[in-house]
Amino acid sequence: MTKLSTAKIYWKSTDDLLEKLKKLSSARKITEFIGSLEIDDLQWLDRAWHLQARRNQRPELSDWRTWLLLGGRGSGKTRTGAEWIKAIVAGNKLFPGDGAGRIALVGGSFADVRDVMIEGESGLLAIHDKADRPKWLSSKRQLEWPNGTIGYAFSSEDPEQLRGSQFGAAWCDELAKWPYLDATWNMLQFCLRLGSNPRQVVTTTPRALEMLKKLIADPSTVISRSKTIDNQSHLAPGFIDYLTSRYGGTRLGRQELDGELIEDRDDALWTRKMIDDLRAKRPEELQRIVVAVDPPASSGKSSDACGIVAVGRDGAGKCYVLRDATIQQASPIEWANRVVSTFHELEADAIIAEVNQGGEMVKTILHTVDPTVPVKTVHASRGKWLRAEPVALLYERGTVHHVGAFAQLEDQMCDFGPNGLSSGRSPDRLDALVWAIASLALQNNSRPRIRTV
């Protein structure tokens, strides 16, 4: 019997293995070769990522500092990042990197790090054998491997937590939706100072952000690109066909499915730079907070999302976008629960509900969940572009700030032109944003009160 794993016979890639199989001139010889392997070897082959990985999932054997993986949804980015971490911890020379015993795991929030990077289906716990599997210590926010290597979980919501730390490697997931992207990234770079050659892997669906553009242009960055369809064999049947039929060829589809970095529309009311320049922390005092809801016309699988956005106003009249709680494919009672829970969590003053879709029924549904919440109904008498223009002007004047990043909302803002979104879909999140800001800054009908947070 051929013993691959104990004999240390490793193929460098799937291509090398296929080349070897091609040299076996008949199906009989291939069958004999496979049949000569022991069960341990077959299991080893099944787990050997360097044999399964596509070419765009394997790192270059060059002197890079950042490996940037730009890919569509479900294209295998998370698995690739997790496998790189696993490989450098094990000292696999086919995956360049030296963790130096300390690795940073950075996501948009701690929940993202835990649920996706660590405990997710393609996360670090799932891809390890039992003998090599690290232990997740949630109270410490640490991942400990049997060989002593420690992974430390960090959230982009608090860049200062990175201060004083040092690492030999880092994995940054979905960087394009980090709330405080520049501050977190800059802080992390000062921390990568251990080992012989500190490196970092970035796995993200691209967005036209200045920091991401700079990273792409950096000569120390190597880039791998992947599309959702590249990973079709690992996705649910019909998933690709459904999304392609709905979003194929659109700006959203090119970004979310093809992994392209799509620049802002020339005729859009907002730009990425405008929004980025106005990011701010939540002020200690807000006079008024509203939660706006733009209900969908239906609740089926092909229905629009229910836009839910919360905005606050301070004593100087500036507005702060606090949360995008938009929910997709939800029944009326589900989105009503989301609206009411957001209202209470933020201690808001009112719910602003557009009633063009559903009339007074919208107010009735909200009061079914909680009869005490104050609901103000609004009707859209003008087109979406005309309603959005005065709100965009407030951004230009610097009087609206985003507390963190709201990726999907901001994508709609920068893709909204005179004819709507390029996809033809409803700008549900943007509609809710416009109603919320309009009620706070374009109307003089609210009694202010001071709150401290």
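Each value in this text was obtained by applying a stated rule to the coordinates, not by laboratory testing. All values derive from a computational prediction rather than experimental measurement. As a convention, Cβ positions derive from the backbone with ideal geometry for all residues, glycine included, and neighbour counts pool all protein chains shown.
A compact table of results
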{"quantity": "Output for the stretch 330-379, where each listed residue is closer than 20 Å to Cys319 by Cβ and more than 31 Å from the chain's Cα centre (by Cα)", "calculated": "Pro374, Lys376, Val378"}
{"quantity": "Condition check for Thr326: polar (S, T, N, Q) and in contact (Cβ under 8 Å) with a residue 60 or more places away in the chain", "calculated": "yes"}
{"quantity": "Selected residue (criterion: farthest from Ala104 (Cα to Cα)) from residues of the stretch 59-88 that are assigned to a loop (DSSP other than H, G, I, E, B) and basic (Lys, Arg)", "calculated": "Arg73"}
{"quantity": "Residue among Pro146, Pro179, Pro159 that alone is buried (at least 20 other Cβ atoms within 10 Å of the Cβ), at negative phi and out of contact with any Gly (no Cβ under 7 Å at 6 or more places or on another chain)", "calculated": "Pro159"}
{"quantity": "Residue count for the stretch 176-209, restricted to those that are under 17 Å from the mean Cα position of the chain (by Cα) and over 27 Å from Gly91 (Cα atoms)", "calculated": "13"}
{"quantity": "Residue count, the stretch 88-117 (criterion: surrounded by fewer than 18 Cβ atoms within 10 Å (Cβ to Cβ) and of a type in the set (A, V, I, L, M, F, W, C))", "calculated": "4"}
{"quantity": "Failed item, numbered, when Asn56 is tested on (1) free of Cβ contacts under 8 Å to residues at least 60 places away in the same chain; (2) part of a helix (DSSP H, G or I)", "calculated": "(1)"}
{"quantity": "Test set (1) in contact (Cβ under 8 Å) with a residue 40 or more places away in the chain; (2) buried (at least 22 other Cβ atoms within 10 Å of the Cβ) - Gly120 fails condition number", "calculated": "(2)"}
{"quantity": "Segments classed as strands (runs of 3 or more DSSP E), wholly inside the stretch 315-394, with at least 2 members that are among the small types (Gly, Ala, Ser)", "calculated": "350-354"}
